[in-house]
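The values are calculated or read from the model by the stated rules, or taken from the named source; none is laboratory data. Everything numeric here is computed off the predicted structure, so don't read it as measured data. Neighbour counts run over all protein chains shown; Cβ positions are idealised from the backbone, glycine included. For accessibility, only protein heavy atoms count, side chains too; no ligands or nucleic acids. Shrake-Rupley method; radii C 1.70, N 1.55, O 1.52, S 1.80 Å.
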Amino acid sequence: MNNYDSIPRRMGNYWLETRLGSGYSGSIFRAYNVFTGDYVALKVQDVNHECPTNRYEEFIYPLLQGADGMPKLWASGVHGKWHYLVISLLGTSLENIYRSIGKKVMDLRSVCAIAIQVIMRLQTMHNREVLHRDIQLGNCVIGLPPNETMIYMIDFGFSKRYIDPYTRRHIPDSKVKRDFLGNYWFTSIGVHCKGKVPSRRDDLEAAALMFIHLLMPGGLPWTRNGVPKTDEHHRRIKRAKEATRPEDLCRGMPSEFEEFLRYCRRLKFADRPDYEQWIEEFRELARENEFTDIERFIWPPPPQQMKPPPVRPAAPRPTVTPAEMENVLHDLAKLQLHNRPILADQTNVLPAQANKQAEGSNKKAADVIDLCNTSDEGTAPDPPKNMPPRTPVRVKKATRLEKLKSSVSDATDNGMLSTVVAEFSTFLKETGSKTLTREGFAFLDALYKQLADPSVFVHPMRTRSTTEQASTENQPAHVKLDVVARLRKEVGTAQSNRMLAKLVADFGAVTNKSSTRTITKDGFAFLDGLSGRLKALHE
């Protein structure tokens, strides 16, 4: 603050000690109550400041009192030309923690804990009809003992009520472009780049970008050149933010972060976000990685117990039928290798000039290479007709899926189908790749056929040729997520096999049209729900 020396050392019942920080609108000090000795944080601002954020915060704080993760307002007032707020003294910010590790990638456990707590804080604020509108690492701080594992939201100078206190209606949207309000790094695209009115969705989108920032090497790409100092630099930041796709931002991260960002961007202006769903999603992500005590933010992060990788049983060798073995032995018996030159013998190599002449005069003959001669007359034998096929690379996964497909075709009731679908879902979860292959789509084809009408011929779900794939655009990922989430809900209420068949067809179609053909968490939930519904219909 420019007039730092003119700030009195005492304001009301509080004595100012160390200045903790300062910015455009004011300064914050560590202070103590002269009567009780309790330490607090004291924010000071000139009463005539052009952006009176202290006044705004003084109005917002009473709406948030008593909630977890919200600082307490102890006192406020005016002392001479200074307006002050006395609030809870807290610890360091996530921004300082991020800087302390050299802006490197933060560990997943810490980010999951941050995500859970920040979403909880936003839920609290939104339930009390308040938007934060300035989500950033610097405004998320950890408490002091005994609350050192709790994350607090601070700095409500830009906050606003989104429910009109008189009409009890949501604030209206507007197409009139507004001046930028927020921070350059995490403010949503709608507010930052398009000048839209902020609402609950924008607080969550800013939080999603903040989580991704912590997991991305070097942070979000538009943050790497510092705060913009010119309008052109600011325009470049906005263009970069708009142009970057969620799948590019989240490459190499758990899918929950990309899905959360897409979810926030799909919300409409007045929609209430499903906070509980995403809190549970990040809890589940923590459980999958065997993180414990995830409700608490622990820094430095606790060392994780190193576990040996799970030992998988050896895959059974592919079975060979007696007929195939007989063919192999028969063809091996035909081979005569005693007259064939050894690899180190170069006497059978023609000079380069002779090779060129041979190529010019015998182009057609060069198309066929005779590896061995088993005929006395020197004529090549006919190729064997019953040679076993070459073993494919995906033999384990493909063979298993083929067996499951056969089990579907052989099923005689819904109970058997339920068991096979459960085995299909479990097998895909256990494999390293969750991509649905040709054999996986064949399984869905067979399942659809059994559910709809065993006598009806079904066209394969995965029928696009290479040419069609080049000319047909893949569906955006958010379309797939929406459809699969709907299927996940509807499968539990299906009343007949034909309704289930329709859901299976929709699931296969949307998976086939997606760019990666991967099965998401909602996809596995759909398969598990399908198995459960088949079992219920059987009973």
What number comes out for accessible area per residue over segment 10-88 if the probe is 1.4 Å? Units Å², please. 49
Output ordering of 261-268, 247-254 (per-residue mean of other Cβ within 10 Å, highest first) is 261-268, 247-254
Over segment 129-267, what per residue volume does the convex hull of the Cα atoms give, in whole Å³? 145
Mind pulling up the Rg/Rh value for segment 176-217? Radius of gyration and Kirkwood radius, both on Cα. 1.01
Would you kindly calculate the translational diffusion coefficient of segment 10-88, applying Stokes-Einstein with the Kirkwood radius from alpha carbon pairs, for 25 °C and a viscosity of 0.890 mPa s, and quote it in µm² s⁻¹ without decimals? 192
Taking Cα centroids, how far is segment 236-256 from segment 117-144 in Å? 23
In percent, how large is the relative contact order of segment 10-88, given Cα pairs closer than 8 Å and 6 or more residues apart? 26
For every other residue with a beta carbon closer than 11 angstrom to the beta carbon of residue 228, add +1 if it is Lys or Arg and -1 if Asp or Glu, then tell me the sum. +2
Per principal axis, descending, Cα span of segment 76-164 in whole Å: 45, 33, 25
What number, in nm² with one decimal, is the all-direction average of the projected area of the convex hull of the alpha-carbon atoms of segment 188-255? 4.9
How large is ³J(HN,Hα), in whole Hz, for each residue of segment 482-498 in order, when computed from phi with the Karplus curve 6.51 cos²θ - 1.76 cosθ + 1.60 and θ = phi - 60°, using x for Gly and Pro? 5, 5, 5, 4, 5, 4, 4, 6, 6, 5, x, 10, 5, 9, 8, 5, 5
Per-residue HN-Hα couplings for segment 135-144, Karplus 6.51 cos²θ - 1.76 cosθ + 1.60 at θ = phi - 60°, whole Hz, x for Gly and Pro? 6, 7, 4, x, 9, 10, 10, 8, x, 9
